[in-house]
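The values are calculated or read from the model by the stated rules, or taken from the named source; none is laboratory data. For clarity, every value in this text was computed on a predicted model and none was experimentally measured. Cβ: placed from backbone, ideal geometry, glycine included. Neighbour counts: every protein chain shown.
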Amino acid sequence: MIKYEKNFLEMQEKFAIVARFSAIMDEHTCPLCKFLNDRVITLDNPDYRRFTPPLHYHMEGDNHTKCRCFWTYISKNEKPKVNWVHPSQELITKYYRKK
Ligand SMILES: [Zn+2]
Ligand SMILES: [Zn+2]
């Protein structure tokens, strides 16, 4: 685990990248994924691991599919604006179902 984390940091330093959360936006996208769509995070933020998709599987009794989101990596040379906002506890409780 420690090694894993170290690799992320090395990767970030070596390639100077940040990650952008990319959701497939349609009527099956849940409010949590919608909220995170297009937000940019640095890889040393603990939320990077926590919100690495899939964030949930198909949820019984609603019309949201399993999470289809992914990270897009952007070079810091492109001067991306880091605009990550930690989702509200309500969104997490309702839609976050990591195995
Ligand atoms: Zn979702
Ligand atoms: Zn998702």
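Summary table below
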| quantity | calculated |
| --- | --- |
| The one condition in (1) of a type in the set (D, E, K, R); (2) outside any helix (DSSP H, G or I); (3) at pLDDT 95 or above that Asp47 fails to fulfil | (2) |
| Residue in the stretch 84-97 that is in a loop (DSSP other than H, G, I, E, B) and polar (S, T, N, Q) present | yes |
| In the stretch 13-24, the residues that are modelled with pLDDT under 95 and either β-branched (Val, Ile, Thr) or assigned to a loop (DSSP other than H, G, I, E, B) (or both) | Ala16, Ile17, Val18, Ile24 |
| Failed item in (1) closer than 22 Å to Asp26 by Cβ; (2) at pLDDT 95 or above, with Trp84 passing the rest | (1) |
| Lone unmet requirement of (1) within 11 Å of ligand 1 (Cβ to nearest atom); (2) touching a residue at least 40 places away in the same chain (Cβ under 8 Å) for Ser75 | (1) |
| Output for the stretch 35-45, where each listed residue is surrounded by fewer than 17 Cβ atoms within 10 Å (Cβ to Cβ) and either at positive phi or more than 11 Å from ligand 2 (Cβ to nearest atom) (or both) | Asp38, Val40, Thr42, Asp44, Asn45 |
| Residues of the stretch 69-83 satisfying the condition of being assigned to a loop (DSSP other than H, G, I, E, B) and within 11 Å of the chain's Cα centre (by Cα) | Cys69 |
| Subset of the stretch 14-31 (residues that are surrounded by 14 or more Cβ atoms within 10 Å (Cβ to Cβ), more than 10 Å from ligand 1 (Cβ to nearest atom) and farther than 17 Å from Pro87 by Cβ) | Ile17, Val18 |
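Conditions tested, residue by residue: (1) in contact (Cβ under 8 Å) with a residue 24 or more places away in the chain; (2) loosely packed, with under 12 Cβ neighbours inside 10 Å; (3) within 14 Å of ligand 1 (Cβ to nearest atom).
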{"residue": "Cys33", "(1), (2), (3)": "yes, no, yes"}
{"residue": "Asp47", "(1), (2), (3)": "yes, no, no"}
{"residue": "Thr52", "(1), (2), (3)": "no, no, yes"}
{"residue": "Leu55", "(1), (2), (3)": "yes, no, yes"}
{"residue": "His64", "(1), (2), (3)": "yes, no, yes"}
{"residue": "Pro80", "(1), (2), (3)": "yes, no, no"}
{"residue": "Thr93", "(1), (2), (3)": "no, yes, yes"}
{"residue": "Tyr96", "(1), (2), (3)": "yes, no, yes"}
